[in-house]
Ligand SMILES: Cc1cc2nc3c(=O)[nH]c(=O)nc-3n(C[C@H](O)[C@H](O)[C@H](O)COP(=O)(O)O)c2cc1C
């Protein structure tokens, strides 16, 4: 089994979302001891924004020579999509930034959600081309965004669910450590809640 581990916190290995993702991976490796892991730290080394050649190629009605030759940042898109295709399980570690995904994760999405490559457009709308596989998302946030304690909107989890569904990834599960801005006791409680959710998830599969 191949685990693709993508981290999007600018705080790298010190980040709470990375910590939670490592707990997810421990559970996965317990269930699949021979599982291989490929890690990409994209929060500290963000994908480049889509460039002009890339955007022009995708805006054309049909595949153009620029698209066929992976002009500009299309070559980077190809690398990231191929990596995703090789994975059996995807683990995404991300903080919440301004109620949504951080810029580095949005950049990754712009590379992997690509017309004529990871999805097609037909009369019914967009149709994913990728084989479905589990996507386990570790989210960390300074305040609460779910449950009764939430005092802010959540554009992160519905957006990620919707945009991954476009390319065919519908088996998406979120684990969260919410309220990291509340001090050590709040973090300890949030981590304990996340541990219980993880245990329940892996007990059930
Ligand atoms: C630019 C920026 C924007 C943030 N926006 C939010 C937000 O909208 N809601 C929230 O609860 N926390 C917000 N935070 C706090 C982080 O989500 C929080 O510190 C989180 O635990 C960081 O996770 P990490 O350690 O994985 O990077 C923001 C932090 C930064 C740096």
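Every number in this text was worked out from the coordinates using simple rules, so none of it is lab data. Nothing here was measured: the structure is a model prediction, and the numbers come from that model. Glycine gets a Cβ as well: all are built from the backbone with ideal geometry, and neighbour counts include every protein chain shown.
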- For the chain, the percent of all C-alpha pairs falling in each 5 Å bin, from 0 up to the bin holding the max distance, is 1, 7, 15, 18, 19, 16, 11, 7, 4, 2, 0, 0
- Residue-span extension gain [residue 151 to residue 68] - 0.36 nm each, minus C-alpha spacing: 25.2 nm
- Note on the structure: Counted neighbours (other Cβ, 10 Å), sorted fewest up, put 22, 130 in the order 22, 130
- Rounded to the nearest 5, what is the percent of antiparallel bridges among the DSSP beta bridges in region 1-108? 10
- Query: If we sort 192-198, 2-8 on the protection proxy, mean other Cβ atoms within 10 Å, highest first, what's the order?
  - Reply: 2-8, 192-198
- Query: Hey, rough spin-label estimate for residue 127 and residue 27, points 7 angstrom out along Cα→Cβ, what's it come to in nanometres?
  - Reply: 3.4
- Item | Gain in span if fully extended, residue 205 to residue 2, counting 0.36 nm per residue against the direct Cα distance | 71.3 nm
- Note on the structure: region 120-199 and region 62-113 have their Cα centres apart by a whole-number Å value of 18
- Pull up the DSSP beta bridges for the chain and report the antiparallel fraction as a percent, rounded to 5. 15
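Determine the relative contact order of the chain: mean sequence separation of Cα pairs under 8 Å and six or more apart, normalised by residue count, in whole percent.
Contact order relative to length: 22 percent.
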